[in-house]
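Before any comments, here is the structure.
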Amino acid sequence: MSTKTINIDEKLYEYLLNNSLREPELLKKLREETALMPSGLMQISPEQGQFMGLLVRLIGIRRILEIGVFTGYSSLAMALALPEDGTIVACDISEEYTRTARKYWKEANVDSRIQLKIGPAIDTLQELSQDDKLEPFDLVFIDADKGNYSNYYEAGLSLLRKGGLILVDNVLWSGKVADPENQEEDTVAIREFNQKLHQDDRIDLSLLPIGDGLTFARKR
Ligand code: SAM
Ligand code: CA
């Protein structure tokens, strides 16, 4: 028993996976393919994917904006949980990474639900904000370049419906955010971003120690 969050060592993590992971075959295949890539570690963990899928179902999410697609694990995990008329606008700068994503979206038969926008996400968000006919999003998932988190958050918040949810990945940054000696650019950006959200009364807030830290911000 503890009043704090439990420490998860390798053994306990394995137990957690063995006793709760229900990863669809295609997601497993994508995860194994991604793990062979030099930047494979950028992908969210399978239990986080399952949790995000559950969230999509739990709160009746229909429209998702994802910033940072990579090989498509998080988008596929969410797409598989969407209702028939659900959609994802997925932003990434890399044709190369998203080629894998597109292959798996197609194989899972969810490609018609996902609109991929290639280019700097800042430009895509600017474009979206100028579209008067755009329906607001129910969920925004931020997981791209850390230096732009604050910009993605502001743009995401304005594209989100009231009561909608912003999820932000890697907010604990392998623990580096809590080390004052660490002044790396990305660490400082995430640290400042976390402080900003802590003070932001436009949202309800929770920071969950799942994966590398996942922030929940519900638009008031
Ligand atoms: N959500 C993905 C998953 O779980 O599999 C992981 C995303 S990965 C951590 C970050 C992605 O952001 C990379 O695919 C990278 O190409 C993309 N990215 C980096 N800078 C970007 C930018 N300025 N605009 C859009 N995407 C960018
Ligand atoms: Ca991430």
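The values are calculated or read from the model by the stated rules, or taken from the named source; none is laboratory data. The shown structure was predicted, so the numbers you read here are calculated from the model rather than taken from an experiment. Glycine gets a Cβ as well: all are built from the backbone with ideal geometry, and neighbour counts include every protein chain shown. To get the accessible areas, we keep the full protein, side chains included, count just its heavy atoms, and leave off ligands, DNA and RNA. Shrake-Rupley method; radii C 1.70, N 1.55, O 1.52, S 1.80 Å.
Here the stretch 180-200 is the region considered, the condition is being more than 16 Å from ligand 1 (Cβ to nearest atom), assigned to a helix (DSSP H, G or I) and open to solvent by 20 Å² or more (accessible area, probe 1.4 Å), and the residue that is nearest to Gln48 (Cα to Cα) is Asn194. Does at least one position in the stretch 127-138 carry a residue that is away from ligand 2 (no atom under 16 Å from the Cβ) and of a type in the set (Gly, Ala, Ser)? Looking through the stretch 127-138, at least one residue is away from ligand 2 (no atom under 16 Å from the Cβ) and of a type in the set (Gly, Ala, Ser). Residue count for the stretch 84-111 satisfying the condition of being away from ligand 1 (no atom under 12 Å from the Cβ) and under 26 Å from Tyr149 (Cβ atoms): 5. Looking at the stretch 1-105, the helices (runs of 4 or more DSSP H) lying wholly inside it that each contain 1 or more residues that are surrounded by fewer than 18 Cβ atoms within 10 Å (Cβ to Cβ) sit at 10-20, 25-35, 46-58. Taking the criterion of being touching a Cys at 6+ places or on another chain (Cβ under 8 Å), at negative phi and within 11 Å of ligand 1 (Cβ to nearest atom), the residues of the stretch 25-83 that qualify are Glu66, Ile67, Val69. Within the stretch 139-166, the set of residues being open to solvent by 20 Å² or more (accessible area, probe 1.4 Å), of a type outside the set (A, V, I, L, M), out of contact with any Ser or Thr (no Cβ under 7 Å at 6 or more places or on another chain) and outside any helix (DSSP H, G or I) comprises Asp145, Arg161, Lys162, Gly163.
Conditions tested, residue by residue: (1) farther than 28 Å from Trp173 by Cα; (2) modelled with pLDDT of 95 or more.
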{"residue": "Gly60", "(1), (2)": "yes, no"}
{"residue": "Ala81", "(1), (2)": "no, yes"}
{"residue": "Leu134", "(1), (2)": "yes, yes"}
{"residue": "Val140", "(1), (2)": "no, yes"}
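Each residue in the stretch 120-133 was checked for being open to solvent by 100 Å² or more (accessible area, probe 1.4 Å) and either of a type in the set (D, E, K, R) or within 17 Å of the chain's Cα centre (by Cα) (or both), and 3 pass. Name the one entry in Lys176, Lys117 that is open to solvent by 10 Å² or more (accessible area, probe 1.4 Å), basic (Lys, Arg) and in contact with a Cys (Cβ under 6 Å, 6 or more places away or on another chain). Among Lys176, Lys117, only Lys117 is open to solvent by 10 Å² or more (accessible area, probe 1.4 Å), basic (Lys, Arg) and in contact with a Cys (Cβ under 6 Å, 6 or more places away or on another chain). Reported count of residues in the stretch 167-179, each being assigned to a loop (DSSP other than H, G, I, E, B) and β-branched (Val, Ile, Thr), is 1. Just checking, does the stretch 150-164 include any residue being modelled with pLDDT of 95 or more, within 20 Å of Asp123 (Cα to Cα) and within 14 Å of ligand 2 (Cβ to nearest atom)? There is at least one residue in the stretch 150-164 that is modelled with pLDDT of 95 or more, within 20 Å of Asp123 (Cα to Cα) and within 14 Å of ligand 2 (Cβ to nearest atom). Selection over the stretch 112-149 of residues that are among the hydrophobic types (A, V, I, L, M, F, W, C) and within 12 Å of ligand 1 (Cβ to nearest atom) gives a count of 8.
Of all residues in the stretch 65-99, those that are more than 16 Å from ligand 2 (Cβ to nearest atom) and touching a residue at least 24 places away in the same chain (Cβ under 8 Å) total 8.
The condition (being under 17 Å from the mean Cα position of the chain (by Cα), within 14 Å of ligand 1 (Cβ to nearest atom) and surrounded by 22 or more Cβ atoms within 10 Å (Cβ to Cβ)) is satisfied by just one residue among Asp212, Asp169: Asp169.
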